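Comments concern the structure below.
Please treat every number below as a calculation from the coordinates, not as lab data. Just so it is clear, the model here is predicted, and its values are computed rather than measured. For neighbour counting, all protein chains shown are included, and Cβ atoms are generated from backbone atoms with ideal geometry for every residue, glycine included.
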């Protein structure tokens with residue numbers, strides 16, 4: 001069976017709480033290093049498993065279901081288990097201000113989140129059990145932006161899988177999502193989602209004017225201090241621009257009913273990736289939303305197995321060769 005270890009990752013002056021999932025030793029070769037994948041969550045406060053952060057922000061989201069169906073497991077937890085079945089380790093962390101991690105979600109900008117992803121990757125590479133030459137990234141929603149930003153400057157990343165990834169800047173993606181959610185009501189029962197949708201144009205305009213903070217009013221009366229640097233940076237960092245510098249094997253997966261990133265974004269992103277000579281595969285999942293809750297365990301297993309198969313060894317720069325040799329024996 002897969003094994004899970006609770007870990008702490010240093011990210012600047014903060015500490016991120018996370019889970020390192022390792023495959024069953026019987027599924028790996030004795031003495032061989034294990035390939036590994038960093039899992040990065042989507043927009044808004046989320047826990048390490050990929051679901052809404054009801055622990056750190058209980059008033060921001062509707063209560064979890066209490067019926068017999070229970071609360072669906074988060075996408076990152078499902079992927080972690082499926083990767084372990086395929087003989088691959090993975091790391092997933094609570095973002096700043098979420099779950100058991102330090103910091104404030106609302107005050108964290110996009111570039112800090114990218115730096116945090118690099119620190120998590122460094123944590124993986126410091127584990128002597130893991131294979132530095134076979135490392136992958138899995139990004140969901142905003143996590144796709146983090147993944148491509150990291151991959152663009154790291155030639156050792158073997159492969160990338162992106163789920164519900166945007167292609168255009170945040171203003172266009174947010175406006176399209178607001179329109180979709182207004183038609184369908186998807187996720188509008190969460191106070192934070194309702195507030196962001198209701199104040200979306202103010203967020204965009206204030207960020208473009210360079211205002212530092214917007215106190216987002218929730219329906220219940222609470223005001224959430226939201227760093228507009230995150231919004232401004234996300235507007236000016238479209239994923240298709242990052243994609244032009246990533247020449248890595250990439251799989252794009254999108255739910256056909258995604259209310260946060262329109263499926264059309266997938267085609268735009270694939271086109272940009274191909275300009276960088278990336279090997280790109282696209283998969284559209286009918287009936288699935290942004291979090292792929294509707295996808296069967298079999299489909300999640302296929303996504304994980306595809307990523308595991310693409311974790312081909314990469315040449316290491318001298319600094320990582322030295323780290324690799326330190327772990328021998």
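When shorter helices are ignored and each DSSP H run of at least 4 residues is given -39500 (n - 2.57), the per-residue value for the chain at 222 nm works out to -10500 deg cm²/dmol.
Report the Stokes-Einstein translational diffusion coefficient (µm² s⁻¹, integer) for region 216-313, Rh taken as the Kirkwood radius over Cα pairs, at 20 °C with viscosity 1.002 mPa s. The calculation lands on 136 µm²/s.
On C-alpha positions alone, give me the angle between the axis of helix 142-152 and the longest principal axis of the chain, in degrees, nearest 10. Relative to the chain, helix 142-152 is tipped by roughly 40 degrees. Take the Cα of residue 284, step 7 Å toward its Cβ, do the same at residue 264, and the gap between the two points is 1.2 nm.
Using a Gaussian network model of the chain in which every pair of alpha carbons under 10 angstrom is joined by a spring, one finds that among 133, 209, 236 the greatest mean-square fluctuation is at 209.
Debye sum, Cα scatterers, region 285-329, no solvent: what log₁₀ I/I(0) at q = 0.16, 0.17, 0.19, 0.28 1/Å? These q points yield log10 I(q)/I(0) values of -0.63, -0.65, -0.69, -1.00.
As a proxy for reagent exposure, ranking 288, 98 by other Cβ atoms within 10 Å from fewest up yields 288, 98. Axis of helix 75-85 versus longest Cα principal axis of the chain: the two differ by about 10°, to the nearest ten degrees. Taking 0.36 nm per residue of separation and subtracting the current Cα-Cα distance, fully stretching the chain between residue 184 and residue 247 would add 19.0 nm.
In plain terms, the C-alpha convex hull of the chain casts an average shadow of 16.3 nm² when viewed from every direction.
Taking the 0 to 90 degree range and rounding to the nearest ten, how far is the long axis of helix 110-125 tilted relative to the main principal axis of the chain, both from C-alpha atoms? For 110-125 against the chain, the angle is about 20 degrees.
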